[in-house]
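Let me begin by presenting the structure, written as structure tokens, before commenting on it.
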Amino acid sequence: VNPGDGGLISELNENDVLSGRGGRINNHPGNITFRRVVEDYKREYLDPSIRKLEKAHLAARLVAQIRAANPPGRFLREDSDNPGMYVEIGDQKAWKSE
């Protein structure tokens with residue numbers, strides 16, 4: 001998925017992961033699920049024997065798992081030019097948010 005895919009988004013779903021900080025974002029259902037999924041991957045990711053490339057594959061797998069949810073999870077940030085609207089950050093940034 002590329003940044004901006006889907007244009008401006010006004011309706012969030014329960015599997016969307018919101019970038020940013022604060023209680024509203026932390027308490028969004030998709031962010032709560034995301035943190036739970038990250039916890040499932042954490043042990044493997046932090047294993048000292050795992051290589052950088054394997055970590056990248058784990059991050060990609062985690063993002064794919066969120067995107068495969070029903071409804072599909074998206075990785076979004078609020079659009080600074082349009083308050084209350086969101087835009088897709090894309091897979092590259094999503095892989096780094098874990």
Legend entry - Shape call, the chain: gyration tensor on alpha carbons, a/c limit 1.5: prolate
Legend entry - For F75, residues with placed amide H under 5 Å, excluding near neighbours: V17, I89, G90
Inset, instruction - Report, in debye and to the nearest 20, how large the dipole of the chain comes out about its Cα centre when Lys and Arg carry +1 and Asp and Glu carry -1 on their Cβ. - result: 440 debye
Legend entry - D47 versus R24: modelled label distance in nm, points set 7 Å from Cα along the beta carbon direction: 4.1 nm
Inset, instruction - Could you tell me which trypsin sites (Lys or Arg not before Pro) in the range 1-49 are loop residues by DSSP with no more than 12 other beta carbons within 10 angstrom of their beta carbon? - result: R21
Inset, instruction - Counting only heavy atoms of the protein chains, get the accessible area per residue of the range 1-62 (1.4 Å probe) and round it to a whole Å² value. - result: 71 Å²
Legend entry - Of all accessible heavy-atom area on the chain, the percent that carbon and sulfur account for (1.4 Å): 51 percent
Inset, instruction - Please state, rounded to one decimal and in Å, the Kirkwood hydrodynamic radius that the range 15-64 gives when every pair of distinct Cα atoms enters the mean of 1/r. - result: 11.9 Å
Inset, instruction - With a cut-off of at most 16 other beta carbons within 10 Å, and DSSP calling the residue loop, which chymotrypsin sites (Phe, Trp or Tyr not before Pro) in the range 6-45 qualify? Please list them. - result: none
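The values are calculated or read from the model by the stated rules, or taken from the named source; none is laboratory data. Remember, it's a predicted structure, so these values are computed and weren't measured experimentally. A quick note on method: Cβ atoms are made from the backbone with ideal geometry, for glycine too, and the neighbour counts reach across all protein chains shown. Areas reflect the complete protein model, heavy atoms only, side chains present, ligands, DNA and RNA absent. Shrake-Rupley method; radii C 1.70, N 1.55, O 1.52, S 1.80 Å.
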